[in-house]
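Please read the structure below before turning to the comments.
The values are calculated or read from the model by the stated rules, or taken from the named source; none is laboratory data. If you're wondering where the values come from, they're calculated on a predicted model, not measured in any experiment. All Cβ positions, glycine included, derive from the backbone under ideal geometry; neighbour counts span all protein chains shown.
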Amino acid sequence: MQNETEYLTKEKFSELQKELEFLKTTKRKEVAEALEYAKSLGDLSENQEYQEARDSQAVLEDRIKRLEQILKSASIVSTQSSNAVSVGSVITVERGGDKSYKSYTIVGSEEADAAKGFISIRSPLGLSAMGKSKGETFSFETPSGTMLYKIIDIK
């Protein structure tokens, strides 16, 4: 996972840059102030506020590291129309014979939100759909069995 390309839209890339800047400046300062205050309370071994501040600092630094990694390995995708499914494509699929259609946008894992129809390129559906054309069928395995889909449209 360390050096895998992270596919992002321009908007998501910009959003993550802003979050990183906020975390490195404003949030780091807030956490440092909380740590200083907690230290001033005395005995660190039984100081709950100090432990919470240290935990907050660890979570913050982990998120900063993750954002830096994502932005460094990011590949910006445009949502252009194509004949084949790629990152940024909006696909309409029919699930194995049940005649109901669903639309999904294929995105990088950082933008994935299945409830909103944003499916990760690394998800079983996303991986299986990649490179397919309108009219093609594809399948993938799930814990409940094989799923069969047909691509109805690609935007």
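Overview of results
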read-out	value
Of all residues in segment 45-66 being at pLDDT 85 or above and exposed (fewer than 12 other Cβ atoms within 10 Å of the Cβ), the one that is farthest from the chain's Cα centre (by Cα)	Gln48
Candidates Glu111, Glu94 - the one that is crowded, with 16+ Cβ neighbours inside 10 Å, modelled with pLDDT of 90 or more and touching a Lys or Arg at 6+ places or on another chain (Cβ under 6 Å)	Glu94
Residue list for segment 137-155, filter: at negative phi and of a type in the set (Gly, Ala, Ser)	Ser139, Ser144
Test for Gln17: is it within 30 Å of Val87 (Cβ to Cβ), assigned to a helix (DSSP H, G or I), at pLDDT 90 or above and not assigned by TED's automatic domain parsing to the domain that holds Ile106	yes
Residue match in segment 67-74 (condition: closer than 30 Å to Tyr149 by Cα and either touching a His at 6+ places or on another chain (Cβ under 6 Å) or surrounded by 16 or more Cβ atoms within 10 Å (Cβ to Cβ) (or both))	yes
Members of segment 88-147 that are among the β-branched types (Val, Ile, Thr) and either over 25 Å from Ser73 (Cα atoms) or in the same structural domain as Leu67 (by TED's automatic domain parsing) (or both)	Ile91, Thr92, Val93, Thr137, Thr142, Thr146
Strands (runs of 3 or more DSSP E) fully within segment 52-155 counting 2 or more residues that are free of Cβ contacts under 8 Å to residues at least 60 places away in the same chain	90-95, 101-107, 118-120, 137-142, 145-154
Residue count, segment 35-51 (criterion: of a type outside the set (A, V, I, L, M), outside any helix (DSSP H, G or I) and closer than 26 Å to Leu23 by Cα)	1
Test: residue in segment 18-25 that is surrounded by fewer than 14 Cβ atoms within 10 Å (Cβ to Cβ) and closer than 30 Å to Ser133 by Cα	no
